[in-house]
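Trainee: Got a structure here, written out as structure tokens. Questions coming.
The values are calculated or read from the model by the stated rules, or taken from the named source; none is laboratory data. Please read all numbers here as calculations on a predicted model, not as lab measurements. Cβ atoms come from the backbone with ideal geometry, glycine included; neighbour counts cover every protein chain shown.
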Amino acid sequence: MKYYLYLGALALTMTFACSSNETKEEKAVPINENEVSLTVEQAKNIDLQIGEVGFGEVNETLKLQGKIDVPPQNLVSVSIPLGGYLKTTKMLPGTQVRKGQLIAVMEDPQYIQLQQDYLSIHNKLNYASKELARQKELNLSKANSDKTLQQAEIEYQNLKVEHTALIEKLKLINIRTAQLEEGKISKAVNVYSPINGYVSKVNVNIGKYVTPSDVIFELINPSDIHLNLTIFEKDLHQIGIGQRVLAYTNVQPDKKYETEVILVSHNVEGGRSEVHCHFEKYDKSLVPGMYMNAELQFKNQKVQFLPEDAIVSFENKDYVFVETSPRKFVMMAVQTGETSEGKTAITNDLKGKKVAVKGAYSLLMKLKNTTDEE
């Protein structure tokens, strides 16, 4: 009898033990922390709205930075090829100049010597020309030797070469030979602007001596300024000539300037390259060296999109709430693209799924509050 009572007690103890273990196992069932449910009243209070993804095409844009630059032919360094002392100038940085305008006057004794040399050679050349003609006549009548005629020809040719070289030297300092032949020798020479534009730098002062390698002024013709943008190597394959670029400054971000890609440099340094864009309309407020931002539209792409309100951010990630059954949702991570006119492109495939397009933020708050309580 004791034996049967013992077996009964043992069986009862094992039954309670199994029941206790089952209860523990039931409590250990994991809960999906990304699921949230609403009652009818809660859905009404947050104005919950359900919708599906839309489809369309968007212009992808690449955001770049750069600065305004000018092509080499529009940026001129003015110097005096023979050197000299600056006698006068009225130029200041920012002064507007026109092509051919007098911008400086230089002085130097070598200018006088050069003019003197020219006049001397000019006179000798005239004499050598007449002497050559005379020797040719004498040679026809055999009154002189062929050697004498050849010497006269050589003398004339040498003087002609020297005469031509001096003319070119005088052109470098803007002296006309016609005025010299009239007996007008000047100790000063004029420096003229080679382009239309403005003075960007003045590197000399009155009385200073400058060498041929010194830059007196730097001039800029801003009518052909362009935008020089920096682009990463990984994006080079997406850029092409003729693409449109919208540029703007930090001071006036709402004022957009239309530009066009005219050159893509394939010289990569440090993982970066350059894109050159031409401004459609010249604006005097845009000056070389000014930094600008730009948005480069490089292709059309078919995408799925949702209203901005359908996407919520949590811990630096973007999510949407997908309905799995009436008023029951699961939070799903998504990759977002460009946002335009209240719609955001997404790269995830949500075709056929019902998404909370309004009230998503309230769902996020309820989900996280519920999770914290548990």
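Trainee: Assigned by TED's automatic domain parsing to the domain that holds Q42, out of contact with any Leu (no Cβ under 7 Å at 6 or more places or on another chain), closer than 23 Å to K44 by Cβ and at pLDDT 85 or above, is that true of D309?
Mentor: yes
Trainee: A further question on this structure: Whether any residue in the range 72-80 is polar (S, T, N, Q), modelled with pLDDT under 90 and either under 29 Å from R327 (Cβ atoms) or exposed (fewer than 12 other Cβ atoms within 10 Å of the Cβ) (or both) is what I want to check.
Mentor: Checking the range 72-80: at least one residue is polar (S, T, N, Q), modelled with pLDDT under 90 and either under 29 Å from R327 (Cβ atoms) or exposed (fewer than 12 other Cβ atoms within 10 Å of the Cβ) (or both).
Trainee: Follow-up. Being among the charged types (D, E, K, R) and in a strand (DSSP E or B) is the filter here, so list the residues in the range 51-88 that pass it.
Mentor: Within the range 51-88, E57, E60, K63, K67, D69, K87 meet the criteria.
Trainee: Please give the number of the condition E274 fails out of (1) under 30 Å from K99 (Cα atoms); (2) in contact (Cβ under 8 Å) with a residue 40 or more places away in the chain; (3) assigned to a strand (DSSP E or B).
Mentor: All conditions are met except number (1).
Trainee: I'm trying to understand the selection: among the residues of the range 332-354, which are under 41 Å from the mean Cα position of the chain (by Cα) and within 23 Å of L38 (Cβ to Cβ)?
Mentor: Correct list: M332, A333, V334, L350.
Trainee: Just to check your reading of the model, which residue among G94, G84, G66 is surrounded by 14 or more Cβ atoms within 10 Å (Cβ to Cβ) and under 30 Å from V275 (Cα atoms)?
Mentor: Numbers: G94 fails: surrounded by 14 or more Cβ atoms within 10 Å (Cβ to Cβ); G84 fails: under 30 Å from V275 (Cα atoms).
Step by step, each of G94, G84, G66 is checked, and only G66 is surrounded by 14 or more Cβ atoms within 10 Å (Cβ to Cβ) and under 30 Å from V275 (Cα atoms).
Trainee: Further, regarding this structure: Would you confirm whether any residue within the range 89-110 is part of a helix (DSSP H, G or I) and either under 30 Å from E341 (Cα atoms) or modelled with pLDDT under 95 (or both)?
Mentor: The answer is yes, given that some residue of the range 89-110 is part of a helix (DSSP H, G or I) and either under 30 Å from E341 (Cα atoms) or modelled with pLDDT under 95 (or both).
Trainee: Name the residue, out of K358, K343, that is surrounded by 15 or more Cβ atoms within 10 Å (Cβ to Cβ), touching a Pro at 6+ places or on another chain (Cβ under 9 Å) and within 26 Å of L62 (Cβ to Cβ).
Mentor: It is K343.
Trainee: Looking at the range 196-211, is at least one residue surrounded by 15 or more Cβ atoms within 10 Å (Cβ to Cβ), in contact with a helix residue (DSSP H, G or I) (Cβ under 8 Å, 6 or more places away or on another chain), more than 30 Å from H266 (Cα to Cα) and not aromatic (F, W, Y)?
Mentor: yes
Trainee: While we're looking at this one, here's another question. From N139, N123, grab the single residue that is in the same structural domain as E162 (by TED's automatic domain parsing), part of a helix (DSSP H, G or I) and either in contact with a strand residue (DSSP E or B) (Cβ under 8 Å, 6 or more places away or on another chain) or at pLDDT below 90 (or both).
Mentor: The conditions single out N139.
Trainee: Let me ask something else. Return a yes/no flag: does the range 170-192 have any residue that is modelled with pLDDT of 90 or more, over 22 Å from G84 (Cβ atoms) and polar (S, T, N, Q).
Mentor: no
Trainee: Sticking with this one: Among the candidates I185, I154, I231, which residue alone is in contact with a strand residue (DSSP E or B) (Cβ under 7 Å, 6 or more places away or on another chain) and either without any contact (Cβ under 8 Å) to a residue 60 or more places away in the chain or not in a helix (DSSP H, G or I) (or both)?
Mentor: Just one listed residue meets the conditions, I231.
Trainee: Which ones in the range 172-211 are among the β-branched types (V, I, T) and more than 26 Å from L119 (Cβ to Cβ)?
Mentor: I195, V199, V202, V204, I206, V210, T211
Trainee: Continuing with the same structure: For the range 235-259, enumerate the residues that are surrounded by 15 or more Cβ atoms within 10 Å (Cβ to Cβ) and of a type in the set (D, E).
Mentor: D235
Trainee: Does M292 satisfy the criteria of being assigned to a strand (DSSP E or B) and out of contact with any Ser or Thr (no Cβ under 9 Å at 6 or more places or on another chain)?
Mentor: Considered against the rule, which asks whether it is assigned to a strand (DSSP E or B) and out of contact with any Ser or Thr (no Cβ under 9 Å at 6 or more places or on another chain), M292 comes out as no.
Trainee: Answer yes or no as to whether G197 is under 16 Å from the mean Cα position of the chain (by Cα) and closer than 30 Å to K284 by Cβ.
Mentor: No; evaluated as a whole, the condition is false for this residue.
Trainee: Further question on the same structure: Would you mind stating whether V191 is β-branched (V, I, T) and part of a strand (DSSP E or B)?
Mentor: On the way: β-branched (V, I, T): yes; part of a strand (DSSP E or B): yes.
In short, yes.
Trainee: Of everything in the range 344-364, what is closer than 18 Å to A43 by Cβ and not in a loop (DSSP other than H, G, I, E, B)? Give them in sequence order.
Mentor: Correct list: V355, A356, V357, K358, A360, Y361, S362, L363, L364.
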